Amino acid sequence: ILKREPGDWDITTSALPMQVKGLFRRTVDTGIQHGTVTVMLGRNGYEVTTYRIDGKYEDSRHPESVEFTPKLEEDLKRRDFTINAMAYHPQIGILDPFDGRLDLEKRTIRCVGNPEDRFQEDALRILRALRFASVYACSLSQKTSDAVFHYVDLLDSVAKERMCVEWTKLLCGSSCAVILQRYAAVVAHQFPTLQETIQNVLEWHAICERVAHVSPIPSIRWA
């Protein structure tokens, strides 16, 4: 839809893991307990995951259990944002039960279902929402935005290296100044040494504008 070449492909199917293994000569059980089998074709590996429903999340990242389902919509329902809850079938075309395409056209980042549930399942989604908004020049829906502020403390449980990846992409986005200004409270939570600076609104806005006007190279934006 964005006319961009994907960096990778996520393949999902109603076939159970053992059925996938039976269809191909070479497979690797990369995450078979969660329904994922890697199919080897030549030197390339393709992850194929069975449609699933996740159980409760106890650590704000991994589900306690998974249940396989024959319904694609049930699988898409557990995704983070509507723009990521679309699928494509070569004969059918785009499958979009949560109106992700419309949100993409409106430049809106909206959680699938209840934002509180999505962020409690994986707190990194808070930063992913801001990163997508920065990279694709989007705004968060009101409910999603409210949940970002309400659940920002959940980021304390996320691994620093995972957050660093999201912050780096956010900083290199075309709309980083707007997002850094609008979500200054999230920045202050993540970077306590900036709290005093952020409280000076004019100074903080000036810094954000300077960040946005230097080359979008990670080391330069961070500096």
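The values are calculated or read from the model by the stated rules, or taken from the named source; none is laboratory data. Small disclaimer: the values here were computed from a predicted structure and weren't measured. So basically every Cβ, Gly included, is an ideal-geometry build from the backbone, and we count neighbours across all protein chains shown. We work out accessible area using only protein heavy atoms, side chains counted, and drop any ligands, DNA or RNA first. Shrake-Rupley method; radii C 1.70, N 1.55, O 1.52, S 1.80 Å.
Inside region 6-51, can you point out the residues that are among the aliphatic types (A, V, I, L, M) and either surrounded by fewer than 18 Cβ atoms within 10 Å (Cβ to Cβ) or closer than 21 Å to ASN84 by Cβ (or both)? If the condition is that a residue be among the aliphatic types (A, V, I, L, M) and either surrounded by fewer than 18 Cβ atoms within 10 Å (Cβ to Cβ) or closer than 21 Å to ASN84 by Cβ (or both), then ILE11, LEU16, MET18, LEU23, VAL28, ILE32, MET40, LEU41, VAL48 are the ones that fit.
Of the strands (runs of 3 or more DSSP E) lying entirely inside region 1-67, the ones with 1 or more residues being free of Cβ contacts under 8 Å to residues at least 60 places away in the same chain and more than 30 Å from GLU105 (Cα to Cα) are found at 27-31, 36-41, 44-50. Taking region 70-95 as the range and being of a type outside the set (S, T, N, Q) and within 21 Å of ALA137 (Cβ to Cβ) as the test, the residues that pass are ASP80, PHE81, ILE83, ALA85, MET86. None of THR38, THR30, THR13 is modelled with pLDDT under 95, among the β-branched types (Val, Ile, Thr) and in contact with a strand residue (DSSP E or B) (Cβ under 7 Å, 6 or more places away or on another chain) except THR30. If you go through region 127-141 and keep only what is in a helix (DSSP H, G or I) and of a type in the set (A, V, I, L, M, F, W, C), you end up with LEU127, ALA129, LEU130, PHE132, ALA133, VAL135.
Being more than 29 Å from LYS77 (Cβ to Cβ), part of a helix (DSSP H, G or I) and of a type in the set (Val, Ile, Thr) is not true of THR144. Here ALA133 passes the criteria (1) touching an Asp or Glu at 6+ places or on another chain (Cβ under 9 Å); (2) open to solvent by less than 50 Å² (accessible area, probe 1.4 Å); (3) not hydroxyl-bearing (Ser, Thr, Tyr) except the one numbered (1).
Within the option set VAL165, VAL211, VAL178, being more than 19 Å from the chain's Cα centre (by Cα) and open to solvent by 60 Å² or more (accessible area, probe 1.4 Å) holds for one residue only, VAL178. Here region 94-112 is the region considered, the condition is being of a type outside the set (A, V, I, L, M, F, W, C) and either at pLDDT below 95 or part of a helix (DSSP H, G or I) (or both), and the residue that is most open to solvent (accessible area, probe 1.4 Å) is GLU105. Looking only at region 181-206, residues that are crowded, with 17+ Cβ neighbours inside 10 Å and of a type in the set (A, V, I, L, M) come to 5 in all.
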